[in-house]
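Mind looking over this structure? Questions follow.
The values are calculated or read from the model by the stated rules, or taken from the named source; none is laboratory data. In this text the structure is predicted, and so the values were computed from the model without any measurement. Virtual Cβ from ideal backbone geometry, glycine too; neighbours counted across all protein chains shown.
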Amino acid sequence: MKAVRFHEHGDSSRLCYEDVPDPAAGPGEIVVRVQACALNFLDVWQRRGLPGVRIPLPHISGSDIAGTVAEIGAGVQFVKSGDKVLVNPGLSCMHCPSCYEGNDNRCREYSVLGNFSDGGYAELVKVPAVNALPYPEGLQFAEAAAIPLVFMTAWHMLVTRCGLKAGEVVLVLGGGSGVGSAAIQIARMHHARVIATAGTDAKLEKALSLGADHVINHSRQKIRDVVRDLTGKRGVDIVFEHVGAATWQDSVSCLARHGRLVTCGVTTGYEVQLDLRHLFAKEISLIGSYMGAKHELLQVLNHVRTGLLKPVVSAVLPLREAARAQTMLENREHFGKIVLAAG
Ligand SMILES: [Zn+2]
């Protein structure tokens, strides 16, 4: 098969479109013919390389996969060859207390498909059969692939970790990112008041069309000043954070008393400063969030079915142009998801 791999860490020129042996389905596994694979910033971190994180090389990235079942391993009975599937990107042991409790993202063996295992930047990918979700009918493959990781992450952050309530004010940083565009919609459907930031006016327009009540152009406005004005100096109940170092000070300053800051990532750097006086005096909660559980992804898919949540596809590129796609992601040229398609 053809796949996009990197043999060493570095910039996007390290991504090679090349011939790779076909994967074979073992017991309990299936091979999916990838019709679409959405990019995540995780892919960029993998390619760049992180200190202390050793990924087996050469590596095929790609966590968000929609396609058709190409091969069935022994003992798999609930999907058949040719079925359309959407792949749950969470891999877990299925038998520990966390998995039994429905918190598979807390499993000690939890990992994301395409992180330490080969992923979907390929014509074929091998996955556990239990990760094959019923296909969300009515969606193109690129739209389906744009759903799992960002929507389950944003749902877990806002609904599960923060306990978002109607009427609360949510500041969504990077509203044009995949996870940001999901967060705007999830906050909106919970009747929150949504303030979204983005770096261009075109992205702000799109954020408004997704349901944001207010927008801030962070390239020419100071986030904390605008939030202060919009909230009558009160601040917001929840800061939806995934940017990291570049926005950290603004994020903490924007919180109302008793506010929660929830973070799932650090696209601009992971070392930040924290004035503990603000933490205790304002009774702030800093909340970490990692992916989401299977039942949360199912809830998301139910809301996609009813039209309350919609995948946001920014661009679809052929698999062989994965390097250009990752460069677009790094340059923030997108609104929503960038997707690689077969062919
Ligand atoms: Zn487990």
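Condition first: more than 26 Å from residue 242 (Cβ to Cβ) and not in a helix (DSSP H, G or I). Now tell me which residues in region 129-139 satisfy that.
Answer for region 129-139, where residues must be more than 26 Å from residue 242 (Cβ to Cβ) and not in a helix (DSSP H, G or I): 132, 134, 135, 137, 138.
Still on this structure: Under the condition of being of a type in the set (S, T, N, Q) and either surrounded by 17 or more Cβ atoms within 10 Å (Cβ to Cβ) or in contact (Cβ under 8 Å) with a residue 24 or more places away in the chain (or both), which residue from region 51-84 is nearest to the ligand (Cβ to nearest atom)?
Taking the candidates together, the pick is 63.
Of the residues 112, 87, only one is in contact with a Gly (Cβ under 8 Å, 6 or more places away or on another chain) and more than 16 Å from the ligand (Cβ to nearest atom); which?
Checking each option against the conditions leaves just 87.
Being touching an Asp or Glu at 6+ places or on another chain (Cβ under 9 Å), in a helix (DSSP H, G or I) and at pLDDT 95 or above is the filter here; which residues of region 23-59 pass it?
44, 47, 48
When both residues are 6+ apart or on different chains and their Cβ atoms are under 6 Å apart, which pairs have a first residue that lies in region 228-245 and is closer than 21 Å to residue 190 by Cα, and a second that is part of a loop (DSSP other than H, G, I, E, B)?
235/254; 236/254; 237/168; 238/162; 239/254; 241/173; 242/264; 242/265
A further question follows. Just to be sure, is residue 246 among the small types (Gly, Ala, Ser) and in contact with a Ser or Thr (Cβ under 6 Å, 6 or more places away or on another chain)?
Working: among the small types (Gly, Ala, Ser): yes; in contact with a Ser or Thr (Cβ under 6 Å, 6 or more places away or on another chain): yes.
Yes, satisfied.
Which numbered condition in (1) more than 10 Å from the ligand (Cβ to nearest atom); (2) in a loop (DSSP other than H, G, I, E, B); (3) of a type outside the set (Asp, Glu); (4) modelled with pLDDT of 95 or more is the only one that residue 126 fails?
With respect to (1) more than 10 Å from the ligand (Cβ to nearest atom); (2) in a loop (DSSP other than H, G, I, E, B); (3) of a type outside the set (Asp, Glu); (4) modelled with pLDDT of 95 or more, residue 126 is out only on (2).
Follow-up question, since we're still on this one. For region 168-203, which positions are part of a strand (DSSP E or B) and farther than 18 Å from residue 235 by Cα? Spell out how you get there, then give the answer.
Here is the first cut: in region 168-203, the residues part of a strand (DSSP E or B) are 169-172, 193-198.
Within region 168-203, 198 is the sole residue that qualifies.
Taking the condition small (Gly, Ala, Ser), at pLDDT 95 or above and not in a loop (DSSP other than H, G, I, E, B), does residue 259 pass?
Values: small (Gly, Ala, Ser): yes; at pLDDT 95 or above: yes; not in a loop (DSSP other than H, G, I, E, B): yes.
Yes.
Shifting gears a bit: Checking the structure you have, find out if any residue of region 226-235 is part of a helix (DSSP H, G or I) and of a type in the set (Ser, Thr, Tyr).
First, pick out the residues of region 226-235 that are part of a helix (DSSP H, G or I): 226-230.
Then drop every residue that is not of a type in the set (Ser, Thr, Tyr), which leaves none.
Scanning region 226-235 turns up no residue that is part of a helix (DSSP H, G or I) and of a type in the set (Ser, Thr, Tyr).
For region 254-276, what are the residues that are among the polar types (S, T, N, Q) and crowded, with 17+ Cβ neighbours inside 10 Å?
263, 267
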